[in-house]
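Worksheet: the structure to be examined is printed underneath.
What follows draws every value from the coordinates through simple rules; no lab data is involved. Small disclaimer: the values here were computed from a predicted structure and weren't measured. All Cβ positions, even for glycine, are placed from backbone atoms using ideal geometry, and neighbour counts span all protein chains on display.
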């Protein structure tokens, strides 16, 4: 089966600095992948390049077999949906109006039904007619997630299983809604959607994804199952932290508990001259 | 006005929002606005230095034959058809253009404080128009040919376009539009354009000076059917472009990246909006001078009633803008009759306090 999304020697430069340096990655249709790495590793940049938002300086990106920037924006929007971080809405749109934007050109009762389902899915049923700017950060994040899910569902109805790209989707969510989000992502994954999420929280990454991609200073520093990637060696090398990985005894699943861990000396910054 | 402002500035509750934000409510509001425009147009036709009582209006319009003294009828018809109606039509067209470009600019810059006159777009147009009058006049003086009729609007369009594009470059970086930089950058562009106009005033002769002053304060005094006919295509172009911009402008409220992710061709939308705003403002400025604050007051008030969805906001703004400018122009030509108060002064008197009120409410947005 051809991959849903792939990158070959992908490089993204800003000036002389390579934010993404020669990354080759192939993600199959229906996979759920977590992108992890320290601050500034290039996680969001990689996501933006995969989504077609920014152009590759060198190398190739393919989304469903084609460079995302060669699709028309509308055709691309039907094949992949993106949830960014910290979206601010400029005008007093209601929650329902923002979510309805995910339906594109649809009108009427179908839109209302899609919006109501999405509100229910993200646990915002009572917030339908509230001005989105008056909601808390976490509530706004869930409303934006609902919009993205509606876009994904509408696209999948037209073009088959799509790609869902999430940038720090859990950042402002409480524990309960983090679990809700994971359940939502799990449902998408089960119906064949490819999910790629930038995650800050390594434990959440291990819980959510069967595959973890580790980025470090713009390069690929690990790619595999949580057991393969979440090791003391990786944490030491990439995050500069030693002795933090523990394992849940029954399944052997790794988890990171910084209690008793030690921070190593500050790492040497890599040379990025491209 | 103060009552309206107070009511409009208190934020609506969730229930009010749900009541007014449907497609039906949008149509109801649009119908009410159209009826109000008709009523104000009839009033405007009746009042003025040479008044035409409402009873004589149908006859003067040729809609009815009453037993009116033929001399009075002839006078009424002359006043109505060659002075008042062209002026009413021009006020409607210019109000439409100014409010429409204000609403589009606000959507484009994701900023409820955008107004063409406030951020130098009108000044850019006025500078180009003034330069055409003063410099063009001198160059043509030798050959004794008058300035070609369409030349002034074209120059004003180019000036507005340049100002809009410079503003966009200044205010937008890495897909984000900074509201503070937008306002300050606009201020700088306006100051620069006004300095240029000042320089032209300095070198202008008396007759040119009168023309240039007219542009700076704004007036519909020179209204003719020919000018109205030149403005009409700009309004038609704006109406034709609306279906291609409303959805994109909604999505743009979430940011350029989000709009792109949802399938909007952002660059094309930006180009279309900038050209549309520049053409509309350039046309309005070239015939009526700089008239500020219509573009900010109209969409802001309407957003509070029917919500920010551009599919409803833009058509309503066009009609409300026509109402506001027609009402302002009617005041301008009657409150000190037979003298005329420049309309730009009137709109600024009402609009500037309104702008301050909006600014104070949005302080957190601007980061002050």
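The calculated Kirkwood hydrodynamic radius for region B:164-276 is 17.3 Å, given to one decimal from all distinct C-alpha pairs. Between B:164, B:172, B:96, the residue with the greatest mean-square fluctuation in the GNM of chain B (Cα pairs under 10 Å linked by springs) is B:172.
Taken residue by residue and averaged, Cβ atoms of other chains lying within 10 Å of the Cβ of B:262-268 number 5.
Return B:350, B:298 ranked ascending by Cβ neighbour count within 10 Å, so the fewest neighbours appear first.
In increasing order of surrounding Cβ atoms, one gets B:350, B:298.
Where the eigenvalues come from the Cα gyration tensor of chain B, what are the semi-axes √(5λ) of the equivalent ellipsoid, largest first, in whole Å? Don't jump to the answer; show the numbers that get you there.
Details: eigenvalues 223, 156, 64 Å².
Equivalent ellipsoid semi-axes, largest first: 33, 28, 18 Å.
Extents of chain A, taken as max minus min of Cα coordinates on every principal axis and listed largest first, are 58, 41, 37 Å.
D by Stokes-Einstein for the protein assembly as shown, Kirkwood Rh over Cα pairs, 25 °C, 0.890 mPa s: 89 µm²/s.
What FRET efficiency comes out for residue B:72 versus residue B:188 if R0 is 51 angstrom and r is the Cβ-Cβ distance? Round to the nearest 0.05.
Numbers: r = 55 Å, r/R0 = 1.08.
Efficiency, rounded to the nearest 0.05: 0.40.
Sorting A:71, B:251 by the number of Cβ atoms found within 10 Å of their own Cβ, with the fewest placed first, yields A:71, B:251.
Each Cα pair under 8 Å and six or more residues apart adds its sequence gap; the mean of these over the residue count of chain B is a relative contact order of 31 percent.
Paramagnetic label reach from residue A:159 (point 7 Å along Cα→Cβ; backbone nitrogen cut-off under 17 Å): within region B:233-265, residues B:258-265.
For A:255, B:202, the sequence from fewest to most other C-beta atoms within 10 Å is B:202, A:255.
Extending 7 Å from the Cα toward the beta-carbon at both residue B:331 and residue B:244 defines two label points whose distance is 3.7 nm. Mind telling me which of A:166, A:175, A:35 comes out most flexible in a GNM of chain A, alpha-carbon contacts under 10 Å? Residue with maximal mean-square fluctuation among A:166, A:175, A:35: A:175. Pick from B:70, B:308, B:53: which is most flexible by mean-square fluctuation in a GNM of chain B where alpha carbon atoms under 10 Å apart are linked? In this elastic network of chain B, the residue with the biggest mean-square fluctuation among B:70, B:308, B:53 is B:70.
In this simple spin-label approximation, residue B:211 and residue A:171 carry label points 7 Å from Cα along the Cα→Cβ vector, and these lie 5.6 nm apart.
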